[in-house]
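One structure below.
Just so it is clear, none of the values below were taken in a lab; they were calculated from the coordinates. Because the structure is predicted, anything quoted here is derived from the model rather than measured. Quick reminder, even Gly has a Cβ in these numbers, built from the backbone with ideal geometry, and neighbours come from all protein chains shown.
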Amino acid sequence: QVQVRESGGGSVYSGGSVRLSCSVSGVISGTHCLAWFRQQPGKKREGIVAVDSDGSKKYPNYMEGKFTISQDAAKTTVYLQMNSLKPEDTAVYYCASDPYKYCSAFWSNANFDFWGQGTQVTVSS
């Protein structure tokens, strides 16, 4: 049914940039919460940013302004632009989908319905 796929990960040097993509298929147009998470080695998964189908963005306080999310006109693909990367940004980055829902105020702790497999971003010094 619903399929979520991330792409764009890879290895970069400190200070470099990565643009991740998340494509969602099998979703009928409408309300849709899409979010990016990451899991650093040895750490719990944390939210990065979420975006509603109306374009409203939600960031955790600690993350706001760090990365930039955008979406295409169809609102089935979202991007995460990451600049000035540091080694501590090394993580598996996940895209999550809650179709037909607005992003919860507690989205970063929510159990999203669908998840991508993750894409590895490795930042070296």
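Details
- If a spin label sat at a point 7 angstrom from the Cα of S125 along the line to its beta carbon, the backbone N atoms of the stretch 28-49 nearer than 18 Å would be those of 41.
- Candidates I48, I28, I69: whichever shows maximal mean-square fluctuation once the chain is modelled as a Gaussian network with Cα springs under 10 Å: I28
- Applying both filters, DSSP loop and at most 14 other Cβ atoms within 10 Å, to the chymotrypsin sites (Phe, Trp or Tyr not before Pro) of the stretch 21-123 gives Y62, Y100, F106.
- In this structure, R19 and D54 have a Cβ-Cβ separation that, at R0 = 25 Å, corresponds to a calculated FRET efficiency of about 0.65.
- If you count Lys pairs in the chain whose Cα atoms are under 26 Å apart, skipping same-chain pairs closer than 8 places in sequence, the total is 21.
- 3J(HN,Hα) couplings calculated from phi for the stretch 76-88 with the Karplus curve 6.51 cos²θ - 1.76 cosθ + 1.60 (θ = phi - 60°) are, in sequence order, 10, 10, 10, 10, 10, 8, 10, 10, 6, 5, 10, x, 5 Hz; Gly and Pro show x.
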